[in-house]
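*Asks:* Sharing a structure, written as structure tokens. Questions coming.
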Amino acid sequence: MDIYLIRHTSLILEPGICYGISEIDVSSSFEEEKENIINKLPKLENFSLFSSQLLRCRKLAEALSHGTIEFSPLLNEFNYGDWEMKKWTEIDNKLLNEYMNGFVNFRVPGGDTYFEVTERVKQFMSELFSKEIENTVIVTHSGIIAAFLSLFIGLPIEKAAYFRPNYGSITKLVYTKDYRFVDYVNR
């Protein structure tokens, strides 16, 4: 199975804002970014398309679709709870330091732990790998892609922070029951 993990396109959002599960629309460059993604993807005759339920992913998935899209809550981004849509500089510095020093198990007030997010991704992967699919396109978020990569190659989830997918980037993975490898990251 060839798996194409695609991060959504850029957003209408000022820099320095903490966001995850918030509904944010795509930027005015969406059409150009979408065409760039289409040009980077191989011409797939048949593929299964999965997407986060959030608007920024739904728009891209709908633009890429040739048929059915399976929208999954398992692919939704990290929930920053009380921090959603606040400037990073407005977040309590003590809590922010605790988060940065132990993000896997730190529960953002009113939100998720990264461990919980990783468990969602693990569930999605298990369901995906049980299917007989040749090509899979997944439109999702940076945090989900980082968790997927860590789990896929067997890294501790603490290492997920090393992966920083760009807006509109594609990461290709190859999976069979006998082997798995990363073909490319952040293309």
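*Asks:* To check my understanding: the extent here is largest minus smallest coordinate of the Cα atoms along each principal axis. What are those three numbers for the stretch 11-154, in Å, largest first?
*Replies:* Rounded to whole Å, the extents work out to 51, 37, 21 Å.
*Asks:* Not counting ligands, DNA or RNA, and with a 1.4 Å probe, what is Met100's accessible surface area in Å² rounded to the nearest 10?
*Replies:* 110
*Asks:* Alpha carbon centre of the stretch 112-187 versus the stretch 83-97: separation in Å?
*Replies:* That distance is 27 Å.
*Asks:* OK, next. Multiply the residue separation of Leu95 and Asp178 by 0.36 nm, subtract the distance between their alpha-carbon atoms, and state the gained length in nm to one decimal. If you can, show how the numbers build up before the last one.
*Replies:* On the way: separation 83, 0.36 × 83 = 29.88 nm, distance 4.32 nm.
Taking 0.36 nm per residue and subtracting the Cα distance, the gain is 25.6 nm.
*Asks:* Follow-up. Where nothing but the Cβ of Lys and Arg (+1) and of Asp and Glu (-1) is charged, how large is the charge dipole of the stretch 52-129 around its Cα centre, in debye to the nearest 20? Can you show the working numbers first?
*Replies:* Details: 9 positive and 12 negative charges, 37 e Å.
My answer is approximately 180 debye.
*Asks:* Can you compute log10 of I(q)/I(0) for the stretch 1-60 with the Debye formula, treating each Cα as one identical point scatterer, at q = 0.16 Å⁻¹?
*Replies:* Log10 of I(q)/I(0), two decimals: -0.59.
*Asks:* Using a 1.4 Å probe and counting only protein heavy atoms, arrange Ile21, Ile157 so the residue with the most accessible area comes first.
*Replies:* Largest accessible area first, the residues go Ile21, Ile157.
*Asks:* Still on this structure, please answer the following. What's the angle, to the nearest 10 degrees (0 to 90), between helix 30-40's Cα axis and the longest principal axis of the chain?
*Replies:* Between helix and principal axis, roughly 50 degrees.
*Asks:* How would you classify the stretch 95-187 from its alpha-carbon gyration tensor, with a ≥ b ≥ c the square roots of the eigenvalues: rounded for a/c under 1.5, else prolate if a/b is greater than b/c, otherwise oblate? Could the numbers behind the result be given before it?
*Replies:* Numbers: a/c = 2.13, a/b = 1.74, b/c = 1.22.
It is prolate, given that a/c is not under 1.5 and a/b is the larger ratio.
*Asks:* Treat every Asp and Glu Cβ in the chain as -1 and every Lys and Arg Cβ as +1, leave all other atoms uncharged, and give the resulting dipole magnitude about the Cα centre to the nearest 20 debye. All intermediate terms of the calculation are to be shown ahead of the outcome.
*Replies:* Details: 20 positive and 26 negative charges, 80 e Å.
Rounded to the nearest 20 debye, it is 380 debye.
*Asks:* Largest first, what is the accessible-area ranking of Phe50, Phe103 with a 1.4 Å probe? Mind showing how you got there, number by number?
*Replies:* Working: Phe50 10, Phe103 40 Å².
Output order, biggest surface exposure first: Phe103, Phe50.
*Asks:* Ignoring everything but the protein chains, give the 1.4 Å probe accessible area of Glu98 in square angstrom, nearest 10.
*Replies:* Here the residue's solvent-accessible area equals roughly 80 Å².
*Asks:* Kindly identify the stretch 33-114 as rounded, prolate or oblate by the Cα gyration tensor criterion: order the square roots of the eigenvalues as a ≥ b ≥ c, call it rounded if a/c is under 1.5, otherwise compare a/b with b/c, prolate if a/b is larger, else oblate.
*Replies:* Values: a/c = 2.97, a/b = 2.52, b/c = 1.18.
Prolate is the answer for the stretch 33-114, as a/c is 1.5 or above and a/b outweighs b/c.
*Asks:* Sorted by accessible area (1.4 Å probe), largest first, how do Lys172, Lys94 line up? Intermediate values should be presented prior to the final figure.
*Replies:* On the way: Lys172 30, Lys94 140 Å².
Result of the area sort, largest leading: Lys94, Lys172.
*Asks:* Also: Whenever you get a sec, compute what percent of the accessible area on the chain sits on carbon and sulfur atoms (1.4 Å probe). Walk me through the numbers on the way to the answer.
*Replies:* Numbers: 4570 of 9360 Å².
It is 49 percent, rounded to a whole number.
*Asks:* So with the 1.4 Å probe, I'd like the accessible area per residue for the stretch 110-162, rounded to whole Å².
*Replies:* On a per-residue basis, the stretch 110-162 sits at 40 Å².
*Asks:* Write down the accessible area per residue of the stretch 6-46 in Å², having rolled a 1.4 Å probe over the full set of protein chains. Mind dumping the intermediate values first?
*Replies:* Working: 2300 Å² over 41 residues.
Here the residues of the stretch 6-46 average 56 Å² of exposed surface.
*Asks:* Moving on. Calculate for the chain the 222 nm mean residue ellipticity that helices alone would give, adding -39,500 (n - 2.57) per DSSP H run of length 4 or more and normalising by residue count, nearest 500 deg cm²/dmol. Before the final figure, lay out each step's value.
*Replies:* Numbers: 5 runs with 58 residues, N = 187.
So the calculated ellipticity at 222 nm is -9500 deg cm²/dmol.
The values are calculated or read from the model by the stated rules, or taken from the named source; none is laboratory data. What you are looking at is a predicted structure, and each value in this text was computed from that prediction instead of being measured. As a convention, Cβ positions derive from the backbone with ideal geometry for all residues, glycine included, and neighbour counts pool all protein chains shown. In case anyone asks, the SASA skips ligands and DNA or RNA and just uses the protein heavy atoms, side chains included. Shrake-Rupley method; radii C 1.70, N 1.55, O 1.52, S 1.80 Å.
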